[in-house]
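So the structure is just underneath, and the comments pick up after that.
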Amino acid sequence: MKLIVLGAPGSGKGTVAEQLHQEFKLFSLSAGELLREEVAKNTTLGKEIKKYMEKGNLVPDTFVTEMVKLEVKTKKEYILDGFPRSVEQAKAIADLKITKVIYLDVPEKIVIERLSGRRICKAGKHTYHLKYLPPKKKGICDKDKTRLIQRKDDYPKAIRERFKVYHHITQPVIHFYQRKKILQRVDASQSPEKVYAAVKKILRMK
Ligand code: AMP
């Protein structure tokens with residue numbers, strides 16, 4: 001199965017992808033995570049990418065598309081989390097023959113609360129929420145004991161920009177896949193458990 005998880009920032013794409021990966025060992029690729037890894041290397045390219053990401057803008061299509069295609073080249077089954085985010089990207093992966101697209105639908109008010117309370121560990125692998133998923137020890141990751149930080153693109157100004165980008169550039173991707181009749185909507189304002197159960201039902205993986 002070749003699956004895309006689509007949705008607004010903070011809709012829970014990463015959580016669903018991680019749950020499917022954990023339970024079914026499906027290869028899961030987060031475009032944002034790949035880009036953050038490049039930024040962490042502090043290369044010339046990484047520094048360039050960082051400017052787009054910190055402002056909440058999309059990194060140019062051709063670069064992200066090439067990077068994602070390279071990662072999945074040898075894989076038969078996978079989940080794409082946060083890719084494609086524009087119709088241009090969606091068209092550029094037509095040859096991958098995507099099986100299904102899960103659209104996580106959630107009101108903007110809820111996701112803004114999720115994003116502004118989100119904290120990640122310095123290693124960048126684990127996510128918490130000040131109110132809904134606090135760490136055992138304040139400000140410290142339960143798993144790798146590194147300090148918790150706020151992603152710069154989770155600052156209010158960047159969140160506003162990300163939503164602007166989402167409405168103008170990413171939402172048309174929903175209609176693109178609707179027309180291809182491979183998109184299924186999930187109510188992502190529910191608890192993570194219920195969202196995951198709904199996704200598995202759609203994928204007949206219960
Ligand atoms: P995410 O971790 O999915 O929230 O993505 C964080 C940031 O990475 C986004 O706000 C964009 O700046 C960048 N990004 C992630 N995926 C893409 C994509 N498919 N195309 C362009 N930029 C992306």
Worksheet item: Pairs under 6 Å by beta carbon, first residue more than 18 Å from Val39 (Cα to Cα) in region 111-127, partner in a helix (DSSP H, G or I) and at pLDDT 90 or above, six or more apart or different chains?
Response: Leu115/Asp154; Leu115/Ile159; Arg118/Asp154
Worksheet item: Which condition number in (1) in contact with a Lys or Arg (Cβ under 8 Å, 6 or more places away or on another chain); (2) within 12 Å of the ligand (Cβ to nearest atom); (3) of a type in the set (A, V, I, L, M) is the one that Val59 fails?
Response: (1)
Discussion item. I'm told Gly10 meets every condition in (1) more than 22 Å from Glu161 (Cα to Cα); (2) near the ligand (Cβ under 9 Å from one of its atoms) except one. Can you identify the failing condition by its number?
Written reply: (1)
Item to complete: Grab the helices (runs of 4 or more DSSP H) fully contained in region 4-80, keeping just those with 1 or more residues being small (Gly, Ala, Ser) and in contact with a helix residue (DSSP H, G or I) (Cβ under 9 Å, 6 or more places away or on another chain).
Response: 13-24, 31-40, 44-55
Worksheet, complete the sentence: Note on region 97-112: residues out of contact with any strand residue (DSSP E or B) (no Cβ under 6 Å at 6 or more places or on another chain) and open to solvent by less than 30 Å² (accessible area, probe 1.4 Å) are Val106, Val111
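Here's the yes/no breakdown for (1) within 15 Å of the ligand (Cβ to nearest atom); (2) modelled with pLDDT under 95; (3) of a type in the set (Ser, Thr, Tyr):
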| site | (1), (2), (3) |
| --- | --- |
| Arg85 | yes, no, no |
| Glu88 | yes, no, no |
| Ile110 | no, yes, no |
| Ser116 | yes, yes, yes |
| Ile120 | yes, yes, no |
| Gly139 | no, no, no |
| Asp153 | yes, yes, no |
| Thr170 | yes, no, yes |
Item to complete: Considering only region 14-36, state which residues are charged (D, E, K, R), within 11 Å of the ligand (Cβ to nearest atom) and more than 22 Å from His167 (Cα to Cα).
Response: Arg36
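The values are calculated or read from the model by the stated rules, or taken from the named source; none is laboratory data. Only a predicted model underlies this, so the values are computations on that prediction, with no experimental measurement involved. Positions of Cβ are backbone-derived with ideal geometry, glycine not excepted, and every protein chain shown enters the neighbour counts. Accessible surface areas use protein heavy atoms only, side chains included; no ligands, DNA or RNA. Shrake-Rupley method; radii C 1.70, N 1.55, O 1.52, S 1.80 Å.
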